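For reference, the structure is listed below as structure tokens.
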Amino acid sequence: MATLYTKVKLHLDANSKTWDDTAIVLQNDGSGDYIKTWTVSGLDKPTDEQLATYETAANTVEANIAVDDARKIQYLSWQEQMEMIYKDQKNGTTTFKDHCDKVRSDNPKS
């Protein structure tokens with residue numbers, strides 16, 4: 001199940017608005033997340049039904065964030081990447097490309 005934050009973010013994007021911490025406050029008092037404050041200019045607070053329409057898209061966004069996080073670790077540091085690129089150029093190899101292809105195939109996006 002996608003987070004309320006992600007669904008609200010998608011709702012804002014769909015209505016050409018951006019997240020503003022001074023206009024939107026999400027809260028959880030132990031019974032689940034809810035919108036405590038909504039003062040977005042030109043856009044009414046979304047209903048639960050409206051937010052529910054973003055569930056599938058929000059799940060995809062959150063899954064892709066997890067994939068991106070895994071890829072960031074596996075791609076190695078920028079110094080290690082530069083070393084691979086240098087050696088590939090010097091030796092006519094494809095180590096860097098092969099490494100990136102493996103990271104992507106091991107962590108596919110939705």
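The values are calculated or read from the model by the stated rules, or taken from the named source; none is laboratory data. For clarity, every value in this text was computed on a predicted model and none was experimentally measured. Here the Cβ is made from the backbone with ideal geometry for all residues, glycine too, and neighbour counts use every protein chain on show.
To keep it simple, each residue is scored yes or no on (1) basic (Lys, Arg); (2) within 20 Å of residue 1 (Cβ to Cβ); (3) touching a strand residue (DSSP E or B) at 6+ places or on another chain (Cβ under 7 Å).
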site: 41; (1), (2), (3): no, no, no
site: 52; (1), (2), (3): no, yes, no
site: 60; (1), (2), (3): no, yes, no
site: 71; (1), (2), (3): yes, no, no
site: 79; (1), (2), (3): no, no, no
site: 88; (1), (2), (3): no, no, no
site: 106; (1), (2), (3): no, no, no
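Per-residue answers, yes or no, for (1) at pLDDT below 95; (2) of a type in the set (A, V, I, L, M, F, W, C):
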site	(1), (2)
62	no, no
67	no, yes
71	no, no
82	no, yes
85	no, yes
88	no, no
92	no, no
99	no, no
109	yes, no
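Look at residue 45 and say whether it is on the phi < 0 side of the Ramachandran plot, part of a helix (DSSP H, G or I) and either among the hydrophobic types (A, V, I, L, M, F, W, C) or modelled with pLDDT of 95 or more (or both).
On the way: on the phi < 0 side of the Ramachandran plot: yes; part of a helix (DSSP H, G or I): no; either among the hydrophobic types (A, V, I, L, M, F, W, C) or modelled with pLDDT of 95 or more (or both): yes.
So residue 45 fails the test.
Go through the stretch 1-25 and count every residue that is more than 24 Å from residue 110 (Cβ to Cβ) and hydrophobic (A, V, I, L, M, F, W, C).
3
Report whether or not residue 109 is within 14 Å of the chain's Cα centre (by Cα), free of Cβ contacts under 8 Å to residues at least 60 places away in the same chain and outside the structural domain of residue 10 (by TED's automatic domain parsing). Walk me through it before giving the result.
Details: within 14 Å of the chain's Cα centre (by Cα): yes; free of Cβ contacts under 8 Å to residues at least 60 places away in the same chain: yes; outside the structural domain of residue 10 (by TED's automatic domain parsing): yes.
So residue 109 fits the description; yes.
Pull up the stretch 66-103, narrow it to residues that are among the aliphatic types (A, V, I, L, M) and assigned to a helix (DSSP H, G or I), then point me to the one that is surrounded by the most Cβ atoms within 10 Å (Cβ to Cβ). Let's see the steps before the verdict.
Start the filter on the stretch 66-103 by keeping residues that are among the aliphatic types (A, V, I, L, M), which leaves 66-67, 70, 73, 76, 82, 84-85, 103.
In the following step, the residues that additionally are assigned to a helix (DSSP H, G or I) were identified as 66-67, 70, 73, 82, 84-85, 103.
Details: 66: 12, 67: 16, 70: 13, 73: 9, 82: 11, 84: 19, 85: 13, 103: 16.
Per the criteria, the residue is 84.
Residue check: is residue 40 among the hydrophobic types (A, V, I, L, M, F, W, C), surrounded by 14 or more Cβ atoms within 10 Å (Cβ to Cβ) and either within 22 Å of residue 106 (Cβ to Cβ) or touching a residue at least 60 places away in the same chain (Cβ under 8 Å) (or both)? Talk me through it step by step, then tell me what you get.
Details: among the hydrophobic types (A, V, I, L, M, F, W, C): yes; surrounded by 14 or more Cβ atoms within 10 Å (Cβ to Cβ): yes; either within 22 Å of residue 106 (Cβ to Cβ) or touching a residue at least 60 places away in the same chain (Cβ under 8 Å) (or both): no.
When the stated conditions are applied, residue 40 does not pass them.
For the stretch 1-44, give me the residue count where each residue is β-branched (Val, Ile, Thr) and farther than 22 Å from residue 57 by Cβ. Steps first, please.
Going residue by residue through the stretch 1-44, those that are β-branched (Val, Ile, Thr) are 3, 6, 8, 18, 22, 24-25, 35, 37, 39-40.
If we keep only those that are farther than 22 Å from residue 57 by Cβ as well, we get 22, 25, 37, 39.
Looking only at that region, the number is 4.
May I ask you to verify whether residue 20 is without any contact (Cβ under 8 Å) to a residue 24 or more places away in the chain and part of a helix (DSSP H, G or I)?
Details: without any contact (Cβ under 8 Å) to a residue 24 or more places away in the chain: yes; part of a helix (DSSP H, G or I): no.
Judged against the criteria, residue 20 is not a match.
Pick from the stretch 53-65 the residues that are without any contact (Cβ under 8 Å) to a residue 24 or more places away in the chain and in a helix (DSSP H, G or I): which of them is farthest from residue 36 (Cα to Cα)? Explain how you work it out, then say what you get.
Initially, the stretch 53-65 is screened for residues without any contact (Cβ under 8 Å) to a residue 24 or more places away in the chain, giving 53, 56, 65.
Next cut, in a helix (DSSP H, G or I) only: 56, 65.
Working: 56: 24, 65: 26 Å.
Filtering the stretch 53-65 for residues that are without any contact (Cβ under 8 Å) to a residue 24 or more places away in the chain and in a helix (DSSP H, G or I), the one farthest from residue 36 (Cα to Cα) comes out as 65.
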